[in-house]
Amino acid sequence: MKQKDFYKNLLEPYQDEMLETLKQFVAIDSTYDEATVDKNNPFGKGVSKALGFIEDLAKRDGFIVNNYDNMVVEILNNDLEKNITIMAHADIVPVGTGWPQDPFILLEKDGFLYGRGVADDKGPLLAAYYAFKALRDNNLLGHYQVRFLVGGNEERGSACMEHYFKKLNKKQPTLGFSPDSAFPLTFAEKGIIGFSVSKDINFPQLISIKGGVASNSVIEKCTVTLKSDLEFLSYLDEVEADYSYLATDENMTLTFHGVAAHGSVPWKGKNAAMEAVKHLGEFYKNEDFKLLYELYSPLKGEGVKASAYSENMGDNSLNVGLFSFLNGHLNMVVNYRYVETAKEEEMIDNIVMSSKPFIIKVLGTSPLLFYPKDSILIQTLLKAYQDETGDLETPLIASGGGTYAKSADNVVAFGMQFPDFDSHMHGVNECTKIEHLNLAMAIYARAIIELGKKI
């Protein structure tokens with residue numbers, strides 16, 4: 001057996017089992033569900049079911065398994081101190097609208113797999129899990145612990161890992177990775193600030209606006225209810241707005257259509273709520289809406305004097321992810337991400353001052369992450385990727401996304417999206433390739449072994 005094919009051959013017997021497991025895993029709607037949150041289900045029953053699925057899988061496979069309060073499932077091969085920690089998540093973002101098939105039924109077509117979570121993060125999770133399992137089954141692991149952590153709140157702020165590391169005071173990783181980004185690997189992640197924008201607004205014609213499913217997703221659909229006005233419809237037709245409507249005698253409900261995308265790259269989508277704000281402000285000459293659009297439509301933070309650029313990480317980004325207007329009160333939630341040349345406190349001050357008379361409330365922050373490219377962790381994972389793929393050209397990634405790498409020491413995001421492949425993560429028709437899952441298993445297996453040599 002050639003050494004370069006060792007891990008691919010090792011994982012080949014696990015490929016069919018992984019696909020069958022993924023089919024069952026995708027069938028679980030593990031979106032955060034406020035309606036079913038309780039003491040036993042801190043993120044809702046769907047997330048608990050997904051965590052339970054992984055818990056049962058790992059127990060059947062003979063691992064040491066602990067479920068910590070339906071927040072984190074911990075999978076271990078032994079109780080040694082030095083560890084390689086793998087961090088993945090079972091929760092998903094809401095499916096949105098426009099899928100041509102049921103997003104919870106895994107669709108295999110022409111070598112592609114379609115379904116919510118196949119790329120973020122259920123597919124990558126299982127690729128890393130079966131790499132771990134294959135190494136354990138074949139007695140290839142060294143004198144160290146492999147700790148596989150599966151969380152249930154990554155998409156909404158990673159409260160799961162805060163619970164695990166801070167409240168439960170679990171040990172930090174010696175070295176590790178999270179299969180929740182792209183290959184080759186992510187050496188830097190932008191800092192994140194979540195904040196709300198609110199104001200009471202006098203807009204007699206407007207009854208309500210509702211848009212968005214998650215703060216870190218571009219708003220795909222926005223519903224506007226206002227008093228019937230044929231002239232406004234004519235205006236929308238003239239400017240070729242993308243909308244549909246349903247009218248009654250007194251009121252009409254319009255749906256503005258956008259394009260979903262991950263909130264870290266809002267320029268890849270089209271924000272339906274901001275389109276609605278633009279047209280409503282322009283036609284009705286509402287100064288608050290016109291100002292709101294001026295401040296929050298620029299996607300790099302220019303409108304609120306919070307733009308910055310770095311050669312390592314690119315531009316800051318700004319995404320309006322949730323939008324509501326009811327009884328004259330506006331509230332929207334913004335997901336803002338900044339590069340290493342920007343300072344968090346300065347950006348917050350600029351946003352607050354620039355947004356007046358709108359009221360800003362900071363909802364949460366996530367610090368910037370930056371690992372030297374020549375560090376042992378970065379170089380070891382990069383070599384594992386390069387040895388399995390032969391790809392020596394693709395550069396390391398500085399990402400706008402926030403992963404579990406920010407929740408623990410000595411961890412970076414490592415795969416699983418391959419270069420030049422668009423998985424439509426957080427969007428309609430999220431997908432991956434079967435060959436990518438199979439190759440990722442080999443990469444992760446090699447990475448675990450190589451990291452083990454460093455601890």
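For the reader, a short list of remarks on this structure follows.
- Scanning region 292-305 for residues that are surrounded by fewer than 23 Cβ atoms within 10 Å (Cβ to Cβ) and touching a residue at least 40 places away in the same chain (Cβ under 8 Å) yields Leu295, Gly303, Lys305.
Here's the yes/no breakdown for (1) touching a Ser or Thr at 6+ places or on another chain (Cβ under 6 Å); (2) of a type in the set (Gly, Ala, Ser):
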{"position": "Gly123", "(1), (2)": "yes, yes"}
{"position": "Tyr129", "(1), (2)": "no, no"}
{"position": "Phe132", "(1), (2)": "no, no"}
{"position": "Arg147", "(1), (2)": "yes, no"}
{"position": "Gly151", "(1), (2)": "no, yes"}
{"position": "Leu168", "(1), (2)": "no, no"}
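- The single condition among (1) closer than 30 Å to Phe6 by Cβ; (2) in contact with a Cys (Cβ under 7 Å, 6 or more places away or on another chain) that Phe323 does not meet is (1).
- Residue match in region 60-76 (condition: of a type outside the set (Ser, Thr, Tyr), assigned to a helix (DSSP H, G or I) and surrounded by 18 or more Cβ atoms within 10 Å (Cβ to Cβ)): no
- Inspection of region 92-99 identifies no residue that is among the β-branched types (Val, Ile, Thr), surrounded by fewer than 20 Cβ atoms within 10 Å (Cβ to Cβ) and not in a loop (DSSP other than H, G, I, E, B).
- Residues of region 101-113 that turn out to be surrounded by fewer than 22 Cβ atoms within 10 Å (Cβ to Cβ) and assigned to a strand (DSSP E or B), as a count: 4
- Residue in region 307-318 that is at pLDDT 95 or above and farther than 24 Å from Phe370 by Cα present: no
- The set of residues from region 429-455 being polar (S, T, N, Q) and assigned to a helix (DSSP H, G or I) comprises just one member, Asn438.
- Checked across region 359-380, the condition of being under 25 Å from Lys166 (Cβ atoms), assigned to a loop (DSSP other than H, G, I, E, B) and of a type in the set (Gly, Ala, Ser) holds for at least one residue.
- When restricted to residues that are at pLDDT below 95, closer than 24 Å to Leu368 by Cα and among the hydrophobic types (A, V, I, L, M, F, W, C), region 413-430 contains 1.
- Residue count for region 165-215, restricted to those that are in contact with a helix residue (DSSP H, G or I) (Cβ under 8 Å, 6 or more places away or on another chain) and part of a helix (DSSP H, G or I): 1
Let's see how each residue does on (1) hydroxyl-bearing (Ser, Thr, Tyr); (2) touching a Pro at 6+ places or on another chain (Cβ under 9 Å); (3) without any contact (Cβ under 8 Å) to a residue 60 or more places away in the chain:
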| position | (1), (2), (3) |
| --- | --- |
| Tyr32 | yes, yes, no |
| Ala50 | no, no, no |
| Asp56 | no, no, yes |
| Met87 | no, yes, no |
| Asp91 | no, no, no |
| Lys122 | no, no, no |
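- In region 242-264, the residues that are in a loop (DSSP other than H, G, I, E, B) and either over 27 Å from Asp422 (Cα atoms) or of a type outside the set (Gly, Ala, Ser) (or both): Asp242, Thr248, Asp249, Glu250
- Test: Val277 is assigned by TED's automatic domain parsing to the domain that holds Val213, over 20 Å from His426 (Cβ atoms), of a type in the set (A, V, I, L, M, F, W, C) and crowded, with 19+ Cβ neighbours inside 10 Å: yes
- Among the residues of region 402-428, those that are part of a loop (DSSP other than H, G, I, E, B) and either closer than 18 Å to Ala127 by Cβ or touching a Cys at 6+ places or on another chain (Cβ under 9 Å) (or both) comprise Thr403, Phe414, Gly415, Phe418, Pro419, Phe421, Asp422, Ser423, His424, Met425.
- Any chance His257 is surrounded by fewer than 20 Cβ atoms within 10 Å (Cβ to Cβ), farther than 30 Å from Asn66 by Cβ and modelled with pLDDT of 95 or more: yes
- Qualifying residues in region 265-313 (those that are acidic (Asp, Glu) and outside any loop (DSSP other than H, G, I, E, B)) - the one nearest to Val197 (Cα to Cα): Asp288
The values are calculated or read from the model by the stated rules, or taken from the named source; none is laboratory data. Since the structure is predicted, the reported quantities are computational estimates derived from the model, not experimental observations. Note that we place each Cβ from the backbone using ideal geometry, even for glycine, and neighbour counts take in every protein chain shown.
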